[in-house]
Amino acid sequence: MVTTRTHISLAGIPLDNPVIPASGTFGFGAEMAQVYDLDILGSISIKGTTRHPRYGNPLPRIAEGPGGVLNSVGLQNPGVEKVISEELPRLRRLFHKPIIANISGFSVDDYAWACERMDGEEQVGIIEVNVSCPNVHDGGMAFGTQPESAAAVTRAVKAVTTKPVFVKLSPNVTDIVSIALACQEAGADGLTLVNTLLGMRIDLQRRQPVLANKVGGYSGPAIFPIALRMVWQVAQACSLPIMGCGGVATAEDVIEMMMAGATAVQVGAENLRNPLACKQIIEDLPQAMDRLRIDRLADIIGAVR
Amino acid sequence: MVATMEKHIFTVTKNAALAPNVYEMQLEGPGCAARVPGQFVNIALDGLYLRRPISVCNYDGRTLTLLYKVVGQGTRQMAALGPGRTLELLTQLGNGFSLDVPGRHMLLVGGGIGTAPLYWLARELKARGREVSVVLGFNTAAEIFYTEAFRPHSDRVLVATMDGTAGTRGFVTDAISRQGLSFDYFYACGPTPMLRAVSQALSQPGQLSLEARMGCGFGICMGCSLPMADGTSKRVCKEGPVFRKEELAW
Ligand SMILES: Cc1cc2nc3c(=O)[nH]c(=O)nc-3n(C[C@H](O)[C@H](O)[C@H](O)COP(=O)(O)OP(=O)(O)OC[C@H]3O[C@@H](n4cnc5c(N)ncnc54)[C@H](O)[C@@H]3O)c2cc1C
Ligand SMILES: Cc1cc2nc3c(=O)[nH]c(=O)nc-3n(C[C@H](O)[C@H](O)[C@H](O)COP(=O)(O)O)c2cc1C
Ligand code: FES
């Protein structure tokens, strides 16, 4: 349901509502377009795209925890050229609003390369830079775990695009605010908070990790309070718009994320267990707003200080 | 095979043990459960974040039959559901078996609970006038189920047990070679080691139904993506779970 009550503006881009499927939990939209009309969504963050095609990690890549899913997919994607030549044209016919191009890399160069290619795509409204990947030139530490490397990636992508750049931060850090501030200083136009939390499960019979990769990223309702806390902490310290992400499953969760400081909200794992999740959230929003006496969603952004 | 996922509430009409830890559940619901044999449903269960994928054992447009083995929390929960209880299913998932294959004599090979999707397949093949041989492998005689159910829809049913307490002693491949079955095409479902052995032992073309731990079951998470012989990868939940022998990287 599109009503002006749910309109928000994200880094200058008007969205009908703040609900956006999170990268990696919606593919490139084609499968989901068979389930519902994608145009009800605020935007779509496409599967993390890298410079070169990637198969990702060996199977099994999925495990489960209470209230969440553990994944070690490892950024499987066809590579930026094929995404541009095949996936984006297909998505353009299914979704008629600006999309969010989520890009990943294993060196600063990789990020800049993928970003520069996406910059040429009219359909791309926002570039979302996933800095949770390991830096192969620096001992495999994730870019997003240190303010300097997160800032280096931000500067490199900002230099090659005029589109708004949202840096998507990893929650696997002791001080998310310092990293957020480093990205802000490096020129980021916004932040997505958060990616998955590093986790693990063991198969008791086999006495082996369930995931072939041993560890993976945990997400789903179990991480909602952690993601919310990080959104709130960063919103207190930074002036950048935030896309809140982590465990969002209901219209109330969307409102809670926005009160904590999010301008828009991404829904990830919930799409996996309930393919209608985003549709239901969008349909439920007006009633949830009525119950909470919220006139316009834009009014509650960062209401909690 | 183009199939569109649907989400429906199905009601349990029957749920009974067939063998130790193996159950047959029948359900009815308002929508289509599957279009072709070999497809699966993905079942939401209380308190479990991920759905549980279970093959369609039989579907006649009204009654959906599932066979499942209790191996953990989710399947244990299923075993406790009596008639009248409801389950939320994603239906019509996966590609299913292709019935449009060359040859007259079809061999269906099942290992343990992997027997499930072969039942509807046998029915459909028999209805199309094919000769159908079924070979089922179990650990021991006490664990055997569904051999009688297959009889009306097949020309012969052979059994292999690991301990020799029924049928041929050993693997399904031992039963096939011992009986000197000559067939044109095979279909197999069962544990991965069995599928590997079957696809290596049989020179005929065939299709194999695989398993993978699934995040979504409908193609959006890439959690089940399997490397293929040609260097590409395919999703077990979407392009699979049924693959042609030559597609597989083993
Ligand atoms: C396409 C497909 C068809 C299947 N058909 C059947 C069937 O007809 N009958 C049947 O009994 N079983 C079938 N399985 C296996 C069944 O999905 C698992 O046994 C079941 O999910 C186990 O759940 P649990 O909660 O009891 O066990 P748990 O061990 O608690 O499960 C924990 C997690 O592991 C996953 N998991 C565990 N074992 C498997 C497995 N072998 N394959 C995939 N995921 C697994 C579960 O989904 C869950 O995410 C099928 C699997 C697939 C992929
Ligand atoms: C299967 C899966 C794949 C994901 N792939 C990506 C990805 O390619 N790029 C990315 O930035 N985040 C990826 N994520 C992280 C999500 O976009 C999201 O940040 C995270 O899951 C937290 O949100 P959630 O709790 O709603 O799932 C993935 C998550 C899952 C579950
Ligand atoms: S289980 Fe999600 S793509 Fe197959």
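The values are calculated or read from the model by the stated rules, or taken from the named source; none is laboratory data. Predicted model, so just to flag it, every value in this text is computed and none were measured. Heads up, the Cβs are rebuilt from the backbone with ideal geometry, glycines too, and the neighbour counts pull from every protein chain shown. Heads up: the accessible areas ignore ligands, DNA and RNA and are worked out on the full protein's heavy atoms, side chains in. Shrake-Rupley method; radii C 1.70, N 1.55, O 1.52, S 1.80 Å.
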Please find, within the stretch A:270-285, the residue that is surrounded by the most Cβ atoms within 10 Å (Cβ to Cβ) out of those that are away from ligand 3 (no atom under 16 Å from the Cβ) and of a type outside the set (A, V, I, L, M). A:Cys278
Going by the conditions given, is B:Phe186 away from ligand 1 (no atom under 12 Å from the Cβ) and within 21 Å of the chain's Cα centre (by Cα)? yes
Please verify whether A:Val131 is under 14 Å from A:Ala188 (Cα atoms), among the aliphatic types (A, V, I, L, M) and free of Cβ contacts under 8 Å to residues at least 60 places away in the same chain, treating the condition exactly as stated. yes
Identify, by number, the condition in (1) of a type outside the set (Lys, Arg); (2) open to solvent by 30 Å² or more (accessible area, probe 1.4 Å); (3) within 16 Å of ligand 2 (Cβ to nearest atom); (4) within 14 Å of chain B (Cβ to nearest Cβ) that A:Gln205 doesn't meet. (3)
Matching strands (runs of 3 or more DSSP E) fully within the stretch A:18-86 where at least 1 residues are surrounded by fewer than 21 Cβ atoms within 10 Å (Cβ to Cβ) and of a type outside the set (S, T, N, Q): A:62-65
Looking at A:Val254, A:Val248, A:Val267, can you tell me which residue is open to solvent by less than 40 Å² (accessible area, probe 1.4 Å) and more than 9 Å from ligand 2 (Cβ to nearest atom)? A:Val254
Take the residues in the stretch A:60-114 that are within 14 Å of chain B (Cβ to nearest Cβ) and over 25 Å from B:Lys234 (Cβ atoms); name whichever of them is nearest to ligand 2 (Cβ to nearest atom). A:Gly68
Any residue that is under 21 Å from A:Arg54 (Cβ atoms), open to solvent by 40 Å² or more (accessible area, probe 1.4 Å) and more than 10 Å from every other protein chain (Cβ to nearest Cβ) - is there at least one of those in the stretch B:221-230? yes
Across the stretch A:265-277, the tally of residues that are closer than 13 Å to A:Cys245 by Cα and more than 8 Å from chain B (Cβ to nearest Cβ) stands at 5
Cβ pairs under 6 Å, 6+ apart, first in the stretch A:171-194 and touching a residue at least 24 places away in the same chain (Cβ under 8 Å), second part of a loop (DSSP other than H, G, I, E, B) and not aliphatic (A, V, I, L, M): A:Ala180/A:Cys238; A:Gln184/A:Cys238; A:Asp189/A:Pro164; A:Gly190/A:Pro241; A:Val194/A:Pro171; A:Val194/A:Gly246
So is B:Thr161 hydroxyl-bearing (Ser, Thr, Tyr), modelled with pLDDT of 95 or more and surrounded by fewer than 16 Cβ atoms within 10 Å (Cβ to Cβ) or not? no
I'm told B:Ile220 meets every condition in (1) away from ligand 2 (no atom under 16 Å from the Cβ); (2) in contact with an Asp or Glu (Cβ under 6 Å, 6 or more places away or on another chain) except one. Can you identify the failing condition by its number? (1)
Any residue in the stretch A:40-59 that's within 12 Å of chain B (Cβ to nearest Cβ): show its pairings with residues that are open to solvent by 20 Å² or more (accessible area, probe 1.4 Å) and among the aromatic types (Phe, Trp, Tyr) at Cβ separation under 8 Å, as long as the two are six or more apart or on different chains. A:Ile46/A:Phe28; A:Lys47/A:Phe28
Evaluation of A:Ile300 against (1) more than 16 Å from ligand 1 (Cβ to nearest atom); (2) buried (at least 24 other Cβ atoms within 10 Å of the Cβ) (one fails), failing number: (2)
Subset of the stretch B:34-68, residues within 14 Å of another protein chain (Cβ to nearest Cβ) and either under 17 Å from B:Gly110 (Cβ atoms) or surrounded by 18 or more Cβ atoms within 10 Å (Cβ to Cβ) (or both), comes to B:Val41, B:Asn42, B:Ile43, B:Ala44, B:Leu45, B:Tyr49, B:Leu50, B:Arg51, B:Arg52, B:Pro53
Given the conditions (1) open to solvent by 20 Å² or more (accessible area, probe 1.4 Å); (2) within 14 Å of chain A (Cβ to nearest Cβ), which single one is not true for B:Thr13? (2)
Which condition number does A:Val215 fail, the rest of (1) open to solvent by 50 Å² or more (accessible area, probe 1.4 Å); (2) away from ligand 1 (no atom under 16 Å from the Cβ); (3) without any contact (Cβ under 8 Å) to a residue 60 or more places away in the chain being met? (3)
So, in the stretch B:231-250, of the ones that are without any contact (Cβ under 8 Å) to a residue 24 or more places away in the chain and within 16 Å of ligand 2 (Cβ to nearest atom), which residue ends up surrounded by the most Cβ atoms within 10 Å (Cβ to Cβ)? B:Arg235
